[in-house]
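The values are calculated or read from the model by the stated rules, or taken from the named source; none is laboratory data. Only a predicted model underlies this, so the values are computations on that prediction, with no experimental measurement involved. For neighbour counting, all protein chains shown are included, and Cβ atoms are generated from backbone atoms with ideal geometry for every residue, glycine included. Note: accessible area is taken over every heavy atom of the protein model, side chains too, but ligands, DNA and RNA are not part of it. Shrake-Rupley method; radii C 1.70, N 1.55, O 1.52, S 1.80 Å.
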Amino acid sequence: MKYQNYLYFTILLFCLSLFINETHSQLDPQLSLPDGATARIGNGQVYDMKYFPDGTKLAVGSSIGIWVYDAHTGKPLDLLRGHTGPVNTIVFSPDNNTIASASDDNTVRLWDAHTGQQSEIIFQHPDDVNTVAFSMDGLRLATGGDDNRVRLWDRHSGELISVQDGHIRDINTVIFSPDGELLVSQAAQSDTFIRSWDAITGEFLSAIYENAWIEAIDFSSNGILLVSATRSGEVNLWDVKSSLLLTTCDMKDFGNVVVNSVEFSPDGKTVAGGVYGEALCIWDVSTGEIQKKINPIDSVTAFTFSPNGKSIAIAMEEGLIQFWDVNTKTLNKTILGHTSSITSVVCSPINNTLACGHSLYMNFYDFETGRHRKTISGPNSTLNSVAYSPDGKIMASGGYSNYVRLWNVESGRFLGSFRGHTRDVSAVAFSPDGNILASASDDRTVKLWEIRSGELIIIGDELNDLKGHTDFVSCVTFSPDGKTLASGGEDSTIRLWEVSTGRLIDTLVGHPGDVRSVVFTPDGQKIVSGSWSYDWDGTVCLWDSITGELLSSMRGDIPNIGVVAVSHDGSTVFYGNDDTIVILDMFNGEILNTIKGHTDVINSLAFSNNGLNLASGCNDGTILIWDLSHFLLR
């Protein structure tokens, strides 16, 4: 059954993506592109959704901003950008004129719901802001974030009214009672208390204790009931004023599940919950019995009722947003384009096709326009790395499995697997002649595999097993002449191997953190590497590839380095960090320019064949294509 669901989802996603690209790519503008970007692929991950009060539009809080969709056609109307981090929560003011958004950039921002114009008032937190709510009179804002505190603000002046302590973990939800008397908050993980505060003074009033981690809460429209969902799979209805448990909703159809989101229907007669990996359930509030089950084809991550309660919008783990009729449980329409993290991007050596690894799929796009060309459905495991063979005919992939897999690029046909790693495969790379494939793994090894060119079965033997790293191996790359392989690992080292014998040539030591990316310069004389440190002390190093000498190191005020790349002419180094691409002069280390537009760690970079464009893949679920002439003087 699971295989059938997976196959159905794969076929549906592929067909829908082709349909959308063929019929709407010219109609849907590339909204709010960053300066210097020519195209965006993907709309980012979905974190929250709210219907506009009149029901005509849907606001979607995403990793790159607030998308506004036509609720009837599903067409994107606007992208509100201003946050530099993912948007975790969006809410409308009581008068319906303002949208408030909470973000990982440590701010809450206000937007005109009619024009999309951002207010000049910004509410600043010391850490990520996860949640925001308007008071019933619209005069105050409540916010909560990763500093474990609840804050009350004057909505119009931006002044801080009060700060509430009490929670021991990150605040996930704050919400005012409909009568305006209470402010209720819920925190993450081991903090199993739902706390109530006086909505005016911020004084602590009472607490509701749950016996498991709390995932979500919501108020009924009459303000009497509070619903809570837990990681242990319970959905409980509480009397807010007395803190008494009234009803536990029926979960007999499910095993040990997580209910990750809950929301009362507008009339308060039912409550819905997203049962992760299973369904969206709707319970009768008076009895706690399951009234309906809606079965989307993927795990529910967020949902919201339409204002009239007749429709429900559901966001799913793999990026689909679907609109369902609540009464008939029929699917009305689907929005595509929202994606989880992009894990790898690479340009075809024979044409201007950009391939990317995304979750369970390899997608192919036109490098210049971002137009979708095709999808290859990978294994039922997330892809970490993809690589083209030098002739552009074969694609290798590695991911959250022990296997390295090969695919025919033109037909999408699966060609076979290399088996030998004992843990996940983190990176793959072809030798310049295409006869060898290298794979790096969490099992602390690098393996070399034979590619049998010109034969029906191209999966060859394991040629060598390179052991020496003392922690996960993160990256591998061949020298331009194919004689040397460089590997970087979480043991903070780069190791150089002789390809023909597997002999360890040298160990390069100089990074303070995990080496996440390593690349040879086009002439093979130097190696550039980037590292990731959990104290945010990233490093970019330049090495002599012959002697192993550390030539230069950039440390200090550099966030985590997710990827490094060298231009085709070898004159410039590009590195991607927490949200920025930095361009360095190869010879003197001078910063030539920075490229901004992503909102999360940039983990992959790929140049077009002519070297004039750069594609950046990011954990924010998007690929941006940049015109390099905008950033470099030529």
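Here are some notes:
- Subset of region 594-616 (residues that are more than 26 Å from the chain's Cα centre (by Cα) and open to solvent by 20 Å² or more (accessible area, probe 1.4 Å)): ASN609, ASN610, LEU612
- Counting the residues of region 359-384 that are open to solvent by 10 Å² or more (accessible area, probe 1.4 Å), of a type outside the set (D, E, K, R) and assigned to a strand (DSSP E or B) gives 6.
- Of the residues making up region 477-510, those that are in contact (Cβ under 8 Å) with a residue 60 or more places away in the chain and either of a type in the set (Asp, Glu) or not in a strand (DSSP E or B) (or both) are SER479, VAL499.
- Within region 79-98, at least one residue is touching a His at 6+ places or on another chain (Cβ under 8 Å) and farther than 26 Å from LEU331 by Cα.
- Matching entry among ILE168, ILE175 (being under 26 Å from ASN96 (Cβ atoms), open to solvent by 10 Å² or more (accessible area, probe 1.4 Å) and either outside any strand (DSSP E or B) or free of Cβ contacts under 8 Å to residues at least 60 places away in the same chain (or both)): ILE175
- In region 205-228, the residues that are under 25 Å from PRO307 (Cβ atoms) and of a type in the set (S, T, N, Q): SER220, SER221, ASN222, SER228
- Considering residues of region 385-406 that are in a loop (DSSP other than H, G, I, E, B) and in contact with a Leu (Cβ under 9 Å, 6 or more places away or on another chain) only, the residue surrounded by the most Cβ atoms within 10 Å (Cβ to Cβ): SER389
- Residue match in region 364-375 (condition: touching a Phe, Trp or Tyr at 6+ places or on another chain (Cβ under 9 Å) and of a type in the set (A, V, I, L, M, F, W, C)): no
- Listed by position, the strands (runs of 3 or more DSSP E) inside region 230-325 whose residues that are closer than 24 Å to ASP70 by Cβ and open to solvent by less than 40 Å² (accessible area, probe 1.4 Å) number at least 1 are 259-264, 270-275, 279-284, 290-294, 300-305, 311-316, 321-325.
- Any chance GLY74 is in contact (Cβ under 8 Å) with a residue 60 or more places away in the chain, surrounded by 18 or more Cβ atoms within 10 Å (Cβ to Cβ) and part of a loop (DSSP other than H, G, I, E, B): yes
- Enumeration of residues in region 213-229 that are surrounded by 15 or more Cβ atoms within 10 Å (Cβ to Cβ) and either part of a loop (DSSP other than H, G, I, E, B) or hydrophobic (A, V, I, L, M, F, W, C) (or both): TRP213, ILE214, ALA216, ILE217, PHE219, SER220, GLY223, ILE224, LEU225, LEU226, VAL227, ALA229
- Qualifying residue in region 328-337 (condition: free of Cβ contacts under 8 Å to residues at least 24 places away in the same chain, polar (S, T, N, Q), in contact with an Asp or Glu (Cβ under 9 Å, 6 or more places away or on another chain) and open to solvent by 40 Å² or more (accessible area, probe 1.4 Å)): yes
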